[in-house]
Structures are given as structure tokens and as C-alpha cells.
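Visitor: First the structure, which I've put down as C-alpha cells, then a few questions once you've had a look.
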Amino acid sequence: MNLYEYQAKQLFGLHGIPIKEGRVARTAAEARDIASSLGGPVVVKAQVHTGGRGKAGGVKLASGSDEAESIAAKILGMDIKGHRVGQVLVDPAVDIDSEFYLACVLDRGARRILIMASGEGGVDIEQVAAETPERITSVHVDPGLGLQSYQARRLAYGVLHALPDARRPAFAAVLRDFQHVVAQLYETCVEEDATLAEINPLVITTDGQMLALDGKVTIDDSALFRQQELASLRDAGVETGAERQAREAGLSYVDLDGSIGCLVNGAGLAMATMDVIKFFGGEPANFLDIGGGAQADKVAEALRIILADARVNSVLINIFGGITRGDEVARGILAALEQLDTDVPFVVRIEGTNAEEGRAILADAAMNTATTLAEGAQLAIRLADERKQGQSQEVVA
Ligand code: GDP
Ligand code: MN
């Protein structure tokens, strides 16, 4: 789960990283009010889940509340790399002396948090990594030991020594402040279960203050159960209604564009099912993993979500019975169909524990069953095509 800049910076603030005290506006008038209560020049910043907002015209300085209002009016509604701007952050503007890059990122390969720092702040760090990698200093933190002060010092010296003499700010103060921010960013990452916590730029102002001017935080979705407060920040706007409903029902669901609804137990099996549908020329309408030990009511809820999508012209149910019992799934499907009243055709493939009992229950109810996935996928594709054609004929007639 990605946080917006303003949420990321609030989190930084809670962990003792210095930030500016701006607020978020959804309308130009609100932006005006915030600017006038802050007083003085402000910066108006698009809040979207993507970087490079500055280059795209989504970050602008305003001399006062009049200008803040007119700039906010331009930025709100803007499209930045496919993200519509629904809110802007209005922060007090600062005079920047130097800009740094600092990030903690989970390095899965090393099974440690990697801290990276650079004197090349404000710009695209991927470009720095590709062209001048010597300008990035990085350390891996041993999770058992935690961040050691020598590591924070190494990062601070690395950053400062990479700067040309003319750009080296008051050394002692910066060394102290930088190490403090490193420690607090690492703490943020660990305590908030973040897989990424990035400050770009971390600046030193002309009056010598160190500040996090931008923030990007990604929270590990698998940790949201123990990060209730963060989970409530989730932006409902980027999830579709079906995705939210599914998440609340404890199902993993991703909306896709095809016509064949998929109901599968297990993420790997769900991926394989989508692959096989594609292999035979079909297009899956969704990814859906009902998880292990799925009970009848969970199956019913999953089918409700799939069938709410008008593009779905057939449904392929692919169940491998391990903990999940085939007969239980079969009863779940029938119970759901009673409530749903749909003319969308179903194809069911059940394998594993109690598969035969399950197939018998479905066959009694005149459902299409398949013994192999290849057979099931092809049947689901054919039925979807037939239903689509039937519908277009109805329209012509
Ligand atoms: P990004 O482009 O999405 O990474 O957005 P940032 O928040 O990093 O802003 C882009 C750039 O705008 C920064 O690198 C700064 O150079 C500049 N900027 C942001 N806030 C201020 C500010 O308060 N004063 C000044 N002078 N520049 C700012
Ligand atoms: Mn930035």
C-alpha cells in the first residue's frame, strides 16, 4: 500500500524527522485558506501515487494565498502519468541550500533493510544509480543488531564527501542532523512495516535546517493487520468497488479486462488458471484467490463479486481440494446460485479431497464439469463466446 506524500511526511513527523506543517486541500478555495493561515510563500503539491510530479508541473511555488488559489485550481484535476489529482498539499515554502537523497528499502535478496544516501537529491535516483553509482552510499542493516551508529556515520560522510567543496555546508551540524534522520527513517521503516521509506529531497535550508521536503512510503500489505491506523489511510479511490468488497470479505481479487470470471483457491493455481485461459485464446476477467479452507459462504461472496461485473460471460471455477473439500465448494456454488439468479454459464473443475462427491453434487444440478484444466478453460471460452454472440443477436433483433 502506497501512502501519499502528506501521509508519508506525517509519519516521518511522528518519528521525529523534521517536516513542514502544511495541510491538504481538495478545492482551490481550501488551498487559499491554508496558504493564508500559514502566511508567506507556499508550495502547492499534487498528491498522487507517482513520482516526477515536479517535472510534470504538479509542484509549484506561490507567493501568497491569491497565487496559491490559482495554482491549486490548475493542479487539481490535472493528469500526472495517468493519475488524476484530487488533492494538493499546501506547505510553507523554504529556501533550499542543498538537496540530498535518503531511503530505506527492503532488500529481499539480502533479507535486510538497505539504506541508501546520496548528495544528488531532488533528481531521479535511478539515473544517479545508472550514471554515477559512486555518488550513492549504501549500507545493509542487520535486523538482529539494528542500525549501528557507525553505519549512520558512514552514510553521512559518504554523502558529504561526494559534494564539491563549494557545496559542503556547515559540516558538524549537518553530520549530526543527517545521522539523526537516518536513525529515525530506519525506525519508521521497521515500526510501520514499510518496504520503502524515501526522502527525496532531504534538504538543508539557507538558514541551516534539515527538512524532509518530499516523502514516499510503501507499507507491506501483509502487515496491515497489525497496522490498523495505516490501513485506514488506504485510498479507496484507487481500488475498484469490487476490489474493496473482496478485501473486506478476505479474498484476494484483482479486476482485469476479459470476459471469463475465475474463482480459484490458491494464488499459484489462480495464476496457472489465467495462463491456461490465455493459452487457449481467452481473456480472464479477474484474478481471484478464495484462499485455503474456503467455506460455502466465502464461495458465494466470491461469485457475487465476479457476477457483478457485466463483462463476465462465463465463469471458470478451478478448485484443488486440500483443506478445502470438494463437496463443500460444490454446495457453496449451488447455494450462491440460488441467491444470484444469473444466466452466466459456469464450468467447474474440482480435483483433490472429496472431488468425486463434489462433481456428483454439481452434475445432479446440471452444471458443466471438467476433469482437466485445459478442458475446463476451453469450455469456458466457448460458452463465453456463445453468450456474447447471443447478446449481440438480441441487440440486432
Ligand atoms: P517530485 O517531483 O514528485 O519528486 O516532488 P518533490 O516534492 O520532490 O518536489 C520537486 C522539487 O521541487 C524538489 O526537488 C525541490 O527542488 C522543489 N521544491 C519542493 N518544495 C519546495 C520549496 O518549498 N521551496 C523550493 N525552493 N523548492 C521546492
Ligand atoms: Mn521528490
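Visitor: Assuming 0.36 nm per residue, please report the length gained on full extension of the stretch His180 to Arg244 beyond their Cα-Cα distance. Don't skip to the end; give the middle numbers.
Guide: Numbers: separation 64, 0.36 × 64 = 23.04 nm, distance 3.86 nm.
Extending this stretch completely gives an extra 19.2 nm.
Visitor: Using alpha carbons only, how many degrees (0 to 90, rounded to 10) separate the axis of helix 149-161 from the longest principal axis of the chain?
Guide: 70 degrees
Visitor: Let me ask something additional. Using unit Cβ charges (K, R positive; D, E negative) and no other charged atoms, how large, in debye to the nearest 20, is the dipole of the chain about its Cα centre? List each step's numbers first, then the result.
Guide: Numbers: 37 positive and 56 negative charges, 133 e Å.
It works out to roughly 640 debye.
Visitor: In debye, nearest 20: dipole of the range 23-148 around its Cα centre with unit charges on the Cβ of K, R (+) and D, E (-)?
Guide: The dipole of the range 23-148 has a size of about 540 debye.
Visitor: Let me ask something additional. For Lys55 and Phe280, what does the FRET efficiency come to when R0 = 41 Å and r is the distance between their Cβ atoms, rounded to the nearest 0.05?
Guide: On the way: r = 44 Å, r/R0 = 1.06.
Rounded to the nearest 0.05, the efficiency is 0.40.
Visitor: Determine, for the chain, the count of lysine pairs separated by eight or more sequence positions (or lying on different chains) whose alpha-carbon distance falls under 27 Å.
Guide: Eligible lysine pairs with Cα atoms under 27 Å apart amount to 28.
Visitor: Next up: Can you work out ³J(HN,Hα) from phi for every residue in the range 326-337, in order, using Karplus 6.51 cos²θ - 1.76 cosθ + 1.60 and θ = phi - 60°, giving whole Hz and x for Gly and Pro?
Guide: After applying 6.51 cos²θ - 1.76 cosθ + 1.60, I find x, 5, 5, 4, 4, 5, x, 4, 5, 4, 5, 5 Hz.
Visitor: Which cysteines in the chain lack any other cysteine whose Cβ sits under 4.7 Å from their own Cβ?
Guide: Cysteines of the chain left without a disulfide-compatible partner: Cys262.
Visitor: Give, as ranges by residue number, the residues of the range 41-59 whose backbone N falls under 18 Å from the point 7 Å along Cα→Cβ of Ile96.
Guide: Residues 41-48, 50-59 fall inside that zone.
Visitor: Hey, another quick one. What FRET efficiency would be calculated for the residue pair Gln228, Leu340, taking the C-beta separation as r and a Förster radius of 35 Å, to the nearest 0.05? Let's see the in-between values first.
Guide: Working: r = 33 Å, r/R0 = 0.94.
Computed FRET efficiency for Gln228 and Leu340 comes out at 0.60.
Visitor: Efficiency by 1/(1 + (r/R0)^6): what FRET value for Ala29 and Asp207, r their Cβ-Cβ distance, R0 = 35 Å, to the nearest 0.05?
Guide: On the way: r = 32 Å, r/R0 = 0.91.
Using R0 = 35 Å, I get an efficiency of 0.65.
Visitor: Please list, in order along the range 62-70, the HN-Hα scalar couplings obtained from phi with the Karplus expression 6.51 cos²θ - 1.76 cosθ + 1.60 (θ = phi - 60°), rounded to whole Hz, x for Gly and Pro.
Guide: 10, 6, x, 5, 4, 5, 4, 5, 5
Visitor: Quickly work out the Gln391-to-Glu21 label distance, labels modelled 7 Å from Cα along the C-beta direction, and quote it in nm with one decimal.
Guide: Roughly 5.6 nm, to one decimal.
Visitor: Can you work out ³J(HN,Hα) from phi for every residue in the range 305-320, in order, using Karplus 6.51 cos²θ - 1.76 cosθ + 1.60 and θ = phi - 60°, giving whole Hz and x for Gly and Pro?
Guide: These are the phi-based 3J(HN,Hα) values: 5, 5, 6, 5, 7, 5, 7, 6, 10, 7, 10, 9, 9, 10, 10, 10 Hz.
Visitor: With n ≥ 4 as the cut-off for DSSP H runs, can you work out [θ] at 222 nm for the chain, using -39500 (n - 2.57) per run divided by the number of residues, rounded to the nearest 500?
Guide: Values: 13 runs with 159 residues, N = 397.
Counting only the DSSP helices, I get -12500 deg cm²/dmol.
Visitor: What shape does the range 240-396 have by the C-alpha gyration tensor, where a ≥ b ≥ c are the square roots of the eigenvalues, rounded means a/c under 1.5, and otherwise prolate means a/b greater than b/c and oblate the rest?
Guide: Working: a/c = 1.40, a/b = 1.23, b/c = 1.13.
Rounded.
Visitor: Of the beta bridges DSSP finds with both residues in the chain, what % are antiparallel, to the nearest 5? Intermediate values should be presented prior to the final figure.
Guide: Details: 47 of 64 bridges.
Restricted to the chain, the bridges split so that about 75 percent are antiparallel.
Coordinate-derived values only; no laboratory data. Source: prediction; values computed, not measured. Neighbour counts run over all protein chains shown; Cβ positions are idealised from the backbone, glycine included.
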